[in-house]
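Peer 1: Okay, here's the structure, questions in a sec.
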Amino acid sequence: MPIQAPESPGKRILLVEDEESFREVLQLGLEPEGFRAVTVSGVHEAKALLQGSTFDAVVSDLRLKDGSGIDLLVWIKGQGLETPVIIMTAFATTETTVQALNLGAVDFLTKTKNDLQELTKVLKGLYAVPQSSPPGPVSDIGDLVGVGDKMRRIQALVGKVAIADTTVLITGESGTGKEIVARLIHRYSERAKGPFVPINCGALPESLLESELFGYERGAFTGASAAKRGLFEEAQGGIIFLDEIGEMPLPLQVKLLRALQERKIRRVGANEERAIDVRIIGATNQNLRARAEQGAFRQDLFFRLNILHIELPPLRERPEDLPVLADHFLARFGQKLNKPTMSLTDEAMAALRRYTFRGNVRELENLMERCVALNSGGPIGVELFPDNILAETNGPQSVAPPQPCPLPEEGFDLEAYLNAYKGHLLRQGAEKCGGNRTKAARYLGMSFRAYRYWLQELGGLETLPPACPRPEDFPPKAPPEGEGDA
Ligand SMILES: Nc1ncnc2c1ncn2[C@@H]1O[C@H](COP(=O)(O)OP(=O)(O)OP(=O)(O)O)[C@@H](O)[C@H]1O
Ligand SMILES: [Mg+2]
């Protein structure tokens with residue numbers, strides 16, 4: 001991962017430290033320096049987080065309750081992650097220092113009185129280096145990002161499924177990450193060195209799909225001038241990913257079932273069968289069980305496929321993942337488009353929370369790419385969102401239940417307060433419209449004459465209260481003479 005431009009705000013640091021007070025000192029101290037520290041207390045938790053999301057650096061204590069910073073470093077390198085790792089310890093020895101640096105730690109710091117300054121210096125040093133080479137290609141499989149319970153369970157499940165070497169069925173709406181899960185299973189499986197061969201079963205007519213999957217012999221049909229291996233043979237020793245498997249025509253389902261049960265395939269036009277050693281992963285956004293019950297999909301094939309099932313929840317059911325996913329894509333496209341990592345304004349994030357991503361993570365990903373491409377600097381605001389998102393998110397918003405306005409015990413001067421309040425709103429309206437009085441009058445729903453009248457009446461724009469007035473600042477007047485209690 002290339003190092004990103006220095007000015008990008010909020011570098012995400014994973015801080016692994018079991019001493020709570022030290023963790024807090026570092027976390028609070030790093031924040032004003034532009035580092036957002038996510039803290040965990042052990043190796044185990046750190047690994048879980050690193051599997052689910054990306055960090056700009058890892059800072060780890062050496063001795064932790066459930067392992068050592070060195071174990072974590074080895075694991076990070078073993079995962080192929082290029083996240084820089086800094087080890088910090090109160091128990092430095094030459095041996096551990098050399099060991100950590102040899103294993104690829106970018107630095108090894110001793111906990112001293114100046115540890116915060118030292119760490120800040122090292123972290124800043126990481127990002128102050130100008131990018132000497134153009135950014136490398138963005139990895140084709142990202143990580144499965146998500147921090148909520150639902151995604152955490154899936155991240156763990158993917159790991160278990162990967163090592164099981166059986167057939168897997170992945171279901172979920174379009175754009176929920178079925179393909180990324182299939183690729184991760186391949187990456188972590190014992191077939192990782194073998195091929196990963198994807199095919200979209202819904203994209204080809206039946207005859208073509210058959211010859212694509214199973215291959216054909218010379219002369220099998222007009223135009224078959226030479227024999228051709230099918231994708232099952234291409235995937236030998238690896239994984240075939242049958243995307244949109246629900247679309248597979250029934251006659252081919254029989255052949256697939258045979259491939260699954262017997263581990264054998266027959267090329268079109270061949271007499272003999274060939275043995276295959278291929279793991280099958282199917283994916284669909286359909287309800288395959290229901291389709292099997294309706295007869296549109298073979299029941300026996302469904303049961304064969306459904307041995308291990310991963311169901312990916314739609315994005316709307318895991319709103320807790322929205323900010324990390326958005327950050328993940330912003331960092332990714334910043335890198336791809338050679339721009340600093342951007343962030344969203346609070347207003348933009350709030351709008352995304354109100355929007356229903358029918359295209360799930362893919363739609364969010366596309367939106368973030370658009371925003372990064374269009375944004376010319378600073379945080380990304382709603383003005384970069386397309387009309388359909390604005391139209392859906394501008395509607396009535398859920399707000400906190402209305403609270404009564406707090407009134408002072410001793411009473412107050414309602415007339416004076418209302419005038420001040422009116423003046424404040426007139427001023428706000430003018431500011432909102434960039435000082436343009438015609439627009440401000442329209443914004444406040446009054447004629448220009450009425451607007452001008454009230455401005456004069458209340459003492460002119462500059463004298464109007466800039467902050468929202470409070471009733472207690474307007475003490476009650478004595479009632480006029482002769483108007484006592486009746
Ligand atoms: N949890 C996630 N973390 C990071 N990226 C994700 C995640 N889920 C999906 N994506 C990204 O969203 C895009 C869509 O994901 P993917 O292609 O895997 O979806 P799908 O379920 O196969 O969709 P479809 O049914 O339309 O084929 C991809 O670019 C993928 O990298
Ligand atoms: Mg897909």
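The values are calculated or read from the model by the stated rules, or taken from the named source; none is laboratory data. Predicted model, so just to flag it, every value in this text is computed and none were measured. Virtual Cβ from ideal backbone geometry, glycine too; neighbours counted across all protein chains shown. Side chains are part of the model used for accessible areas, which takes the heavy atoms of the whole protein and leaves out ligands, DNA and RNA. Shrake-Rupley method; radii C 1.70, N 1.55, O 1.52, S 1.80 Å.
Peer 1: Roll a 1.4 Å probe over the protein chains and send me the accessible area per residue for the stretch 11-128 in Å².
Peer 2: Per residue, the stretch 11-128 has an accessible area of 46 Å².
Peer 1: Given points 7 Å out from each Cα along the Cα-Cβ axis, report the F221 to N388 separation in nanometres with one decimal.
Peer 2: Between F221 and N388, the simple spin-label model gives 3.6 nm.
Peer 1: Can you tell me the 0 to 90 degree angle between the C-alpha axis of helix 115-128 and the longest principal axis of the chain, rounded to 10?
Peer 2: Relative to the chain, helix 115-128 is tipped by roughly 70 degrees.
Peer 1: Here's a follow-up. At a Cα cut-off below 24 Å, give the lysines reachable from K439, other chains included and same-chain residues fewer than 8 away excluded.
Peer 2: By straight Cα distance, K439 reaches K422.
Peer 1: Round to the nearest 10 and give me the degree value, 0 to 90, for the angle of helix 414-432's Cα axis relative to the longest principal axis of the chain.
Peer 2: Roughly 50 degrees, rounded to the nearest 10.
Peer 1: Going by average Cβ density within 10 Å per residue, which order do the peptides 320-330, 249-259 take, highest to lowest?
Peer 2: So the peptides 320-330, 249-259, ranked by packing, come out 320-330, 249-259.
Peer 1: Students often forget the sequence filter, so: which lysines lie under 21 Å Cα-Cα from K255 once same-chain residues fewer than 8 apart are removed?
Peer 2: K228, K264
Peer 1: How large is the charge dipole for the stretch 149-313, taken about the Cα centre, if only the Cβ atoms of Lys, Arg (+1) and Asp, Glu (-1) carry charge, to the nearest 20 debye?
Peer 2: On the way: 24 positive and 21 negative charges, 83 e Å.
Dipole size: approximately 400 debye.
Peer 1: Just to be sure I understand the model, the point goes 7 Å from the Cα along the line to the Cβ. What's the resulting E82 to L157 distance in nm?
Peer 2: Once both label points are built, they end up 3.2 nm from each other.
Peer 1: Any chance you could run the full-extension gain for R187 through E45? It's 0.36 nm times the residue separation minus the Cα-Cα distance, nm to one decimal.
Peer 2: Once the chain is fully extended between R187 and E45, it gains 49.0 nm.
Peer 1: If you don't mind, there's one more thing I want to ask. Can you give the charge dipole size of the chain about its Cα centre, rounded to the nearest 20 debye, using +1 on the beta carbon of Lys and Arg and -1 on the beta carbon of Asp and Glu?
Peer 2: Dipole magnitude for the chain comes out near 1880 debye.
Peer 1: I would also like to ask the following. Counting other C-beta atoms within 10 Å, and keeping those with at most 12, which DSSP coil GluC sites (Glu not before Pro) do you find in the stretch 5-62?
Peer 2: Hits after loop and neighbour filter: E7.
Peer 1: Report the FRET efficiency, 1/(1 + (r/R0)^6), for T166 and R36, where r is their Cβ-Cβ distance and R0 is 45 Å, rounded to 0.05.
Peer 2: That gives a FRET efficiency of 0.65.
Peer 1: Note the full-extension length gain between E311 and S376 as 0.36 nm times their separation in residues minus their Cα-Cα distance, in nm to one decimal.
Peer 2: Working it through step by step, the gained length comes to 19.5 nm.
Peer 1: Mind giving me the nanometre distance, one decimal, between the label points for A203 and E19, set 7 Å out from Cα along Cα→Cβ?
Peer 2: With each label point 7 Å from Cα toward Cβ, the separation is 5.6 nm.
Peer 1: Using a probe of 1.4 angstrom, how much of the accessible area of the chain is carbon and sulfur, in percent?
Peer 2: 52
Peer 1: With a sphere of radius 15 Å drawn around the Cβ of E173, what net charge do the other residues whose Cβ falls strictly inside it have (Lys, Arg +1; Asp, Glu -1)?
Peer 2: -2
Peer 1: Grab the DSSP H runs of the chain that are 4 residues or longer, score each as -39,500 (n - 2.57), total them, divide by all residues and round the 222 nm result to the nearest 500 deg cm²/dmol.
Peer 2: Helices in the chain give a 222 nm mean residue ellipticity of -12500 deg cm²/dmol.
Peer 1: Something else now. If the cut-off is a Cα-Cα distance under 28 Å, which lysines reach K336, setting aside same-chain residues fewer than 8 apart in sequence?
Peer 2: Cα-Cα hits under 28 Å: K11, K47, K77, K121, K124, K178, K193.
Peer 1: Just subtract the alpha-carbon distance of E431 and Y417 from 0.36 nm times their residue separation and send over the number in nm, one decimal.
Peer 2: Extending this stretch completely gives an extra 2.9 nm.
Peer 1: With +1 assigned to the C-beta of every Lys and Arg and -1 to the C-beta of every Asp and Glu, and no other charges, what is the dipole magnitude of the stretch 318-393 about the Cα centre in debye, to the nearest 20?
Peer 2: 240
Peer 1: Another question about this same structure. Find the relative contact order for the chain and round it to a whole percent, using C-alpha pairs within less than 8 Å whose residues are 6+ positions apart.
Peer 2: It comes to 12 percent, rounded to a whole number.
Peer 1: Kindly report the accessible area of the stretch 318-393 per residue (heavy atoms of protein chains, probe 1.4 Å, no ligands, DNA or RNA), in Å².
Peer 2: Accessible surface, normalised per residue, equals 44 Å².
Peer 1: If you find the alpha carbon centre of the stretch 244-298 and of the stretch 184-228, how far apart are they in angstrom?
Peer 2: 12
Peer 1: Summing +1 for each Lys or Arg and -1 for each Asp or Glu, what net charge is found among the other residues whose Cβ lies under 15 Å from the Cβ of Q286?
Peer 2: -2
Peer 1: Taking the Cα centre of the stretch 277-435 as the origin and placing charges on Cβ (Lys, Arg +1; Asp, Glu -1), which of G359, A373, A296 is farthest toward the positive end of the dipole?
Peer 2: Going by the charge dipole, the pick is A296.
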